[in-house]
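Engineer: Take this structure first; my questions come after.
All of the numbers you see were taken from the coordinates with simple rules; none came from a lab. All values derive from a computational prediction rather than experimental measurement. Here the Cβ positions follow ideal geometry from the backbone for every residue, glycine too, while neighbour counts run over all protein chains shown.
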Amino acid sequence: MLYQLHEMQRSLLSPLMQWADASSKLFTNPVSPLAHTPFAQRIAAGYELMYRLGKDYEKPAFDIDTTVVNGADVGIIEQVEVNKPFCRLIHFKKDLSESAIAALKQPKVLLVAPLSGHHSTLLRDTVRGLLTDHDVYITDWTDARMVPATVGPFHLDDYIFYVQEFIRLLAPDLHVISVCQPTVPVLAAISLMATAKDPAMPKTMTMMGGPIDPRRSPTAVNNLATEKKFSWFENTVIYSVPPNYPGYGRKVYPGFLQHAGFIAMNPGRHAQSHREFYAHLVAGDDDPAEGHRKFYDEYNAVLDMPAEYYLDTIKTVFQEFSLPMGTWMVGGQLVRPQDITNVALFTVEGELDDISGAGQTQAAHDLCSGIPAEMQQDFVAPGAGHYGIFSGRRWREVICPKIGEFIKLHG
């Protein structure tokens, strides 16, 4: 019922938000008489703030058209390599001849994006940073409300099988990077391949800010998962997709609930950000105002997760700690990270990460005891929060170059 109420509210607010948007433009457009009235800037700022607080945010585009290779601008073609019901594998292909691409000898990278509420476009900056020196592919997870219920369920095991399929497709000479949530299923996927002596093993795996062992330095996210019983999640946060979407009837963890959780973690910070946005609009400071718009266009765009996948993750990762406990069974096979011997491991954490606490990602080194010490590396980014390890200045200037060096060393 909550999902239906949310949709009703969204429908009722839509005309009001369109009016607020139009009114804001009336008070800023130089050809409008209203733009030249007293307090026009303040009125326009108020209307735009209202519009942005109440509007519906759609999935943004990656908007990556070019990159720089060897000092020259090169066009980028966004190409769908695999289209599965719950995920598209996207290739950011350089607009060069096949011979020119081959001559670059750029390492192939599979960037596994999180399926944890936001769209994969959240990793836009990650992709941009990697594109200069790498051939980049990314998992673009589908909003579950857009997948017809007739397709069937999607479990955490299915996520792992998707990752394995993509690895086999792109092998050999592949490097896998996982950010946040996928560090756990990616490690499971590669562990199972190692146990089966799969010849399509990647060269390296880089794991960034993920809950490999959530028992270490638990955060508010971890505490919520352990304080509530599993039945609470089943009965409180799972809803059916309403009739106005292709996924009508599918059980999901709605994106609007996840978004509310994101905001609740730092309500004061978001309130201050909106106050500053209003002040920038009034003062005519276009650059910081545009930065605010871009951030929240991404941050407020959320997707629904399949209920079975979300509940599997809660139980397996955050309540039973199946990976570090050595009890995780996938498709009847035990997940054994110690069986990995020929894949170099690089873990990256943010010093100030309040989502995946200190040591949670580093735990991968203890689990992957079969990897030689000279093939293991760890880095804690000073002053970086969770988003700072894959987006922003620290990512571009510090972390991305380190990952590039690691890939080159073990490629």
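Engineer: Work through the residues other than residue 84 whose Cβ is under 11 Å from its Cβ and net out their charges, Lys, Arg +1 and Asp, Glu -1.
Structural biologist: Net local charge, residue 84 excluded: -3.
Engineer: Okay, moving on. Only residues of the range 183-201 count here: report those whose backbone N is under 18 Å from the spot 7 Å along Cα→Cβ of residue 341, or say none.
Structural biologist: Answer for the range 183-201: 190-201.
Engineer: What label, among (1) 72, 49, 45; (2) 56, 53, 43; (3) 72, 56, 40, belongs to Cα extents along the principal axes in Å computed from the structure on display?
Structural biologist: Read-out from the structure maps to (3).
Engineer: Give me the aspartates and glutamates in straight-line cross-link reach of residue 25: C-alpha distance below 13 Å, same-chain residues under 8 apart excluded.
Structural biologist: Residue 25 reaches 48.
Engineer: To continue, here is another question. Find out how many positive minus negative residues lie around residue 369, taking Lys and Arg as positive, Asp and Glu as negative, among other residues whose Cβ is under 12 Å from that of residue 369.
Structural biologist: With Lys, Arg at +1 and Asp, Glu at -1, the net is -1.
Engineer: Give me the one-decimal nm value for the distance between modelled label points at residue 173 and residue 81, 7 Å along each residue's Cα-to-Cβ direction.
Structural biologist: 1.4 nm
Engineer: For labels at residue 270 and residue 376 in the simple 7 Å Cα→Cβ model, what's the distance in nm?
Structural biologist: Calculated label separation equals 3.9 nm.
Engineer: Rounded to the nearest 5, what % of DSSP beta bridges with both residues in the chain are antiparallel?
Structural biologist: Percent antiparallel among DSSP bridges in the chain is about 50.
Engineer: While we're on this one: Once the dipole of the chain is set up with Lys and Arg at +1 and Asp and Glu at -1 on Cβ about the Cα centre, which of 272, 358, 16 lies farthest towards its positive end?
Structural biologist: Farthest towards the positive end: 16.
Engineer: By average Cβ neighbour count within 10 Å, what is the ranking of 97-109, 184-196 from highest down?
Structural biologist: The most tightly packed comes first, giving 184-196, 97-109.
Engineer: If you don't mind, there's one more thing I want to ask. Quote to one decimal, in nm, the extra length available between residue 13 and residue 263 on full extension: 0.36 nm per residue of separation minus the C-alpha distance between them.
Structural biologist: Additional length available on full extension: 88.0 nm.
Engineer: Which of the GluC sites (Glu not before Pro) found in the range 317-411 are in a DSSP loop and have at most 16 neighbouring Cβ atoms, other than their own, within 10 Å?
Structural biologist: Counting only loop positions with at most 16 other Cβ atoms within 10 Å, the GluC sites (Glu not before Pro) in the range 317-411 are 320, 351.
Engineer: Net charge near residue 392: determine it from the other residues with C-beta under 13 Å of the C-beta of residue 392, scoring Lys and Arg +1 and Asp and Glu -1.
Structural biologist: Working: positive: 124, 128, 294, 393, 394, 396; negative: 125, 298, 397.
Cβ neighbours under 13 Å give a net charge of +3.
Engineer: Per DSSP helix of 4 or more residues, -39500 (n - 2.57); summed, then divided by the residues of the chain. What does that give at 222 nm, rounded to the nearest 500?
Structural biologist: Computed mean residue ellipticity for the chain: -12500 deg cm²/dmol.
Engineer: Follow-up question, since we're still on this one. Can you give the extra length, in nm with one decimal, that the chain gains between residue 285 and residue 408 once fully stretched, where that is 0.36 nm per residue apart less the Cα-Cα distance?
Structural biologist: On the way: separation 123, 0.36 × 123 = 44.28 nm, distance 4.23 nm.
Stretched fully, the residue 285-residue 408 segment lengthens by 40.1 nm.
Engineer: Right, another one. Can you tell me the 0 to 90 degree angle between the C-alpha axis of helix 255-265 and the longest principal axis of the chain, rounded to 10?
Structural biologist: It works out to around 90 degrees.
Engineer: Between residue 197 and residue 58, what length in nm is gained on full extension when 0.36 nm per residue of separation is reduced by their alpha carbon distance?
Structural biologist: Values: separation 139, 0.36 × 139 = 50.04 nm, distance 4.23 nm.
Contour length minus the Cα-Cα distance gives 45.8 nm.
Engineer: Of the peptides 165-171, 36-42, 312-318, 221-227, how do they stack up when ordered by the mean number of other Cβ atoms within 10 Å, highest first?
Structural biologist: 312-318, 165-171, 221-227, 36-42
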